[in-house]
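Notes to accompany the following structure.
The values are calculated or read from the model by the stated rules, or taken from the named source; none is laboratory data. For clarity, every value in this text was computed on a predicted model and none was experimentally measured. As a convention, Cβ positions derive from the backbone with ideal geometry for all residues, glycine included, and neighbour counts pool all protein chains shown. We work out accessible area using only protein heavy atoms, side chains counted, and drop any ligands, DNA or RNA first. Shrake-Rupley method; radii C 1.70, N 1.55, O 1.52, S 1.80 Å.
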Amino acid sequence: PKTHQQVRQKLREEFLANKDVTDIRVMDMLVIRGHMLLQEVNEVWLQKGHLMRIYKDSWEPKPKTFVKKFVAGTND
């Protein structure tokens, strides 16, 4: 379970990630997406695993060169 403070911090991060958006159409789309997500959470259409994915830390890109793959210890 996430605390109230963690939820507020994640919400703040999402707002700050889109702080440079100036196009009204994009702003409307982001607001509508937020409303849809809130409704999915309230109606329990969004399962706990899907909701926790929002809190997942940023991912690191997979290594592409041989040396980076070797250092990372992958064979892909």
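Given in Å, the Rg to one decimal and the Dmax to the nearest whole number for the Cα atoms of region 4-76 are 17.5, 48. Across the protein chains, with a 1.4 Å probe defining accessible surface, the residues Ile54, Ile32 rank Ile32, Ile54 from largest area downward.
On a 0 to 90 degree scale, rounded to 10, what angle separates helix 4-17 from the longest Cα axis of the chain? For 4-17 against the chain, the angle is about 80 degrees.
The calculated 222 nm mean residue ellipticity attributable to helices in the chain amounts to -18500 deg cm²/dmol, summing -39500 (n - 2.57) over DSSP H runs of n ≥ 4 and dividing by all residues.
Taking the dipole about the Cα centre of region 7-76, with the C-beta of Lys and Arg at +1 and of Asp and Glu at -1, give me whichever of Leu30, Asn42, Thr74 is farthest to the positive side. Selected residue: Thr74. Restricting attention to the chain, the count of lysine pairs at 8 or more positions apart or across chains with alpha carbons under 26 Å apart stands at 13.
If the segment from Val71 to Thr22 were pulled out straight at 0.36 nm per residue, it would be longer than the present Cα-Cα gap by 13.5 nm. Considering only Glu60, Glu14, Glu40, the Gaussian network model of the chain with Cα springs below 10 Å gives its largest mean-square fluctuation to Glu60.
Phi angles of region 26-33 translate, via the Karplus equation with coefficients 6.51, -1.76, 1.60 and θ = phi - 60°, into HN-Hα couplings of 5, 4, 4, 4, 5, 5, 5, 4 Hz per residue; Gly and Pro are given as x.
Between region 1-41 and region 45-74, the alpha-carbon centres lie 22 Å apart. For the chain, the per residue solvent-accessible surface stands at 100 Å², with DNA, RNA and ligands left out and a 1.4 Å probe.
Ligands, DNA and RNA left out, the accessible area of the chain computed with a 1.4 Å probe is 58% carbon and sulfur.
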